[in-house]
Amino acid sequence: MTTVEAKQQQRKSGIAARRALPEDVRAAANRALCRRLLELEPYRRADTILLYAAFGGEADLAALADAAVQEGKTVAYPVCGEGLSLTAAVPAADGWETGRYGIRTPVLQRSVLLAPEQLDLVLVPCTAFDARCCRVGMGKGYYDRYLPRCKKAVQIGVAFEVQRVEQVVTDLHDKRLDVFVTEREVYQWK
């Protein structure tokens, strides 16, 4: 099996696992995951956070986003663009649309745009991950291209425990994260 095929298999399995979670289990897992994130030192220190709007069974960070806004933190969301670029955008109240992948996305013209070096914390979704803080994304490489530009940000992967695999298949361009958080564990690569 090639690396591409192995990653695709891990991607499919991880997506199926997260989608198979019963609603009550998913809701409890989302609450526990957000609680864990809110307790982490990198979250408490962060003034500017990039997180994501959950899609396709991803761990939902809406409660964390609400708490961050109430605490006066700046909360940005990713906008995927031309050339596989990613932009951090802080949307106005009327600054949302459904993007090209069916994901709730900020409208760039009605958002404040942040440079990667302005971010203190980046919360990254995945389809599968391992205890070494490696991840499999959706396969386009948006985050793998963007994360190296986030020079001062702590980079935390977010997933459900059912998405964990023994070892993620990686390529040279895949970016290892600082920490991975699930509803049950905090994994930190030493």
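The values are calculated or read from the model by the stated rules, or taken from the named source; none is laboratory data. In this text the structure is predicted, and so the values were computed from the model without any measurement. Ideal geometry is used to build each Cβ from the backbone, glycine not excepted, and the neighbour counts take in all protein chains shown. These area figures cover heavy atoms from the full protein model, side chains too; ligands, DNA and RNA do not enter into them. Shrake-Rupley method; radii C 1.70, N 1.55, O 1.52, S 1.80 Å.
Restricting the first member to the stretch 148-159 and to residues that are in contact (Cβ under 8 Å) with a residue 60 or more places away in the chain, and the second to residues that are of a type in the set (Val, Ile, Thr) and surrounded by fewer than 23 Cβ atoms within 10 Å (Cβ to Cβ), the beta-carbon pairs closer than 6 Å and six or more apart or on different chains are Ile156/Val179; Ala159/Thr182.
For the stretch 78-106, a residue qualifies if it is free of Cβ contacts under 8 Å to residues at least 40 places away in the same chain and open to solvent by 30 Å² or more (accessible area, probe 1.4 Å), and the qualifying residues are Glu82, Gly83, Thr87, Val90, Ala92, Ala93, Asp94, Trp96, Glu97, Thr98, Arg100.
Would you pick out the residues in the stretch 160-180 that are among the aliphatic types (A, V, I, L, M), surrounded by 20 or more Cβ atoms within 10 Å (Cβ to Cβ) and touching a strand residue (DSSP E or B) at 6+ places or on another chain (Cβ under 6 Å)? Result: Val168, Leu177. Going by what's in this entry, would Thr127 be described as hydroxyl-bearing (Ser, Thr, Tyr), over 22 Å from Arg149 (Cβ atoms) and crowded, with 19+ Cβ neighbours inside 10 Å? Yes. Residue check: is Ala46 under 22 Å from Asp178 (Cα atoms), in contact (Cβ under 8 Å) with a residue 60 or more places away in the chain and not β-branched (Val, Ile, Thr)? Against the criterion (under 22 Å from Asp178 (Cα atoms), in contact (Cβ under 8 Å) with a residue 60 or more places away in the chain and not β-branched (Val, Ile, Thr)), Ala46 qualifies. Within the stretch 122-159, being within 19 Å of Leu38 (Cα to Cα) and under 11 Å from the mean Cα position of the chain (by Cα) holds for Val122, Leu123, Val124, Pro125, Gln155, Ile156, Gly157, Val158, Ala159.
Has the stretch 3-19 got any residue that is touching a residue at least 24 places away in the same chain (Cβ under 8 Å), among the aliphatic types (A, V, I, L, M) and in a loop (DSSP other than H, G, I, E, B)? No: the stretch 3-19 contains no residue that is touching a residue at least 24 places away in the same chain (Cβ under 8 Å), among the aliphatic types (A, V, I, L, M) and in a loop (DSSP other than H, G, I, E, B). Applying the criterion of being over 17 Å from Pro78 (Cα atoms) and touching a helix residue (DSSP H, G or I) at 6+ places or on another chain (Cβ under 6 Å) to the residues of the stretch 39-61, the residue that is most open to solvent (accessible area, probe 1.4 Å) is Gly57. Residues considered: Arg35, Arg26, Arg19, Arg31. Of these, the only one that is of a type in the set (Lys, Arg) and open to solvent by less than 70 Å² (accessible area, probe 1.4 Å) is Arg26. Close contacts from the stretch 108-126, counting a first residue that is at pLDDT 95 or above and a second that is assigned to a helix (DSSP H, G or I) and loosely packed, with under 14 Cβ neighbours inside 10 Å, with Cβ to Cβ under 7 Å and a gap of 6+ residues or different chains, come to Pro116/Arg149; Asp120/Arg45. Within the stretch 133-169, being charged (D, E, K, R) and either assigned to a loop (DSSP other than H, G, I, E, B) or closer than 25 Å to Ser85 by Cβ (or both) holds for Arg135, Lys140, Asp144, Arg145, Arg149, Lys151, Lys152, Glu166.
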